[in-house]
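These notes are about the structure you will find just below.
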Amino acid sequence: MVFNNISVFNKFIIVGFPGTPVVQYFFFLLLLMTYLSTLLCNFVIIIIISTERCLHTPMYFFIRNLSFLEVCYVSVIVPKVLDTITFNGRFISFSTCVCQLFFFFFLSSTECFLFGVMAYDRYLAICHPLHYTTLMENYKCRCLTISSIIGGFITTFPHIILISQLPFCKSNMINHFFCDITPLLQLACADTYLLDLQGFSLAALVILTSLLVTLLSYFHIIATIITLPTQQGRSKAFSTCGTHLLVVSIYYGSIIFMYVRPKVSFAFTLNRVVAVFYTIITPILNPIIYCLRNKEVKESISRRLHLKKYTCKHFLSY
């Protein structure tokens, strides 16, 4: 392809994770097990919340949506990362790269907004328990979820369309393990200053807005927890909030480092390690922290397993 007498690449090579073949295949197995575990945990959460009537509450409605987002999120990135273990798998077409870029940032932005919605939901449940059912009815839950999706789309689609119009002629080597914006823009043979500024502004808008809502919600939650009369109630509430804040801190800390910072050159190894946290580690932490440590969810899973075991025994007895 030629653009104003300049050879323009329409196929890229993803550098991936460097190392010897033994290291590569060890990483492949580790990543594959993590990916399958993430899918399993999130699908279990989706099924349990969908089938157990006692979990049909706003909190679990949002957690189910988060689990669905995580399944889509890791499926956009991890299969291609696994494919880069082979040399031929490192090739990616321009259109596929742009699609991966769009869905990755669309799902990431939606997840940020959903984190803010979930924190707001917990704020209403703990700080305004008497009015909670009125303030967070089913219709409002659906509206907040749809608003998160629309917000993710609006803050992503126009920027990705502008990036897709750029000519890429400096090199066809993407110095990352997936199609990320920064390494892709480094290959453009056009001035990307305005696109960099736009990307920084949009990232700041999405991340800092949702983070501010999350932090303000948890500030009021903690202030309310302190006033609880019993030590047991305070300990349980602090335990729940503490684990939620842990996963939020890991996720927001890593994406702020990557996307809301001055344009400073960091080593590829450092960027790669940080990217692993929000692309691979956080999706498997979410179901563990939000649900699998939750008493109601564990009891629902136990009931399902017990019912299945009883049904199997009953069937085999005939």
Evaluate the relative contact order of the range 149-200 (contact order divided by residue number), counting alpha-carbon pairs under 8 angstrom at least 6 apart; express in whole percent.
-> 39
Computed ³J(HN,Hα) along the range 164-179: with the Karplus parameters 6.51/-1.76/1.60, θ = phi - 60°, integer Hz and x for glycine or proline, the list is 5, 8, 6, x, 10, 9, 5, 6, 10, 9, 8, 7, 6, 9, 7, 7
Against the globular-protein guess of 2.2 N^0.38 Å, express the Cα radius of gyration of the range 26-116 as a ratio, rounded to two decimals.
-> 1.28
Would you work out which of Thr96, Phe62, Val81 lies farthest towards the positive end of the dipole of the range 1-112? Charges go on Cβ: Lys and Arg +1, Asp and Glu -1.
-> Thr96
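Compute the accessible area per residue over the range 148-210, keeping the other protein chains in place, probe 1.4 Å, unit Å². Don't jump to the answer; show the numbers that get you there.
On the way: 2830 Å² over 63 residues.
Result: 45 Å² of accessible area for each residue.
Which order do the peptides 19-26, 135-142 come out in when sorted by mean C-beta neighbours inside 10 angstrom, highest first?
So the peptides 19-26, 135-142, ranked by packing, come out 135-142, 19-26.
For the range 65-152, report the % of Cα-Cα distances exceeding 16 Å.
Details: 2399 of 3828 pairs.
Across the range 65-152, Cα pairs with separations above 16 Å total 63 percent.
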Give the whole-number value, in cubic angstrom per residue, of the convex hull volume spanned by the C-alpha atoms of the range 163-216.
-> 88
Send over a whole-number figure in Å² for the accessible area per residue of the range 1-135, probe 1.4 Å.
-> 49
Placed amide H near Phe168: partners under 5 Å, 5+ positions off or other chain = Phe9, Cys189
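Of all the accessible heavy-atom surface of the range 6-106, with the other protein chains kept in place and a 1.4 Å probe, what percent is carbon and sulfur? Write out the running numbers ahead of the final one.
Working: 3620 of 4760 Å².
Carbon and sulfur together cover 76 percent of it.
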HN-Hα J in Hz across the range 274-279 - Karplus 6.51, -1.76, 1.60, θ = phi - 60°, x for Gly and Pro = 5, 4, 4, 4, 8, 9
If you project the alpha carbons of the range 91-138 onto the principal axes, what extent comes out on each, in Å, largest first?
-> 56, 17, 10
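The values are calculated or read from the model by the stated rules, or taken from the named source; none is laboratory data. As the structure is a computational prediction, the values presented were derived from the model and not from experiment. FYI the Cβ positions are ideal-geometry reconstructions off the backbone, even for glycines, and counts take in every protein chain you see. All accessible areas refer to the heavy atoms of the entire protein, side chains included, with ligands and DNA or RNA removed. Shrake-Rupley method; radii C 1.70, N 1.55, O 1.52, S 1.80 Å.
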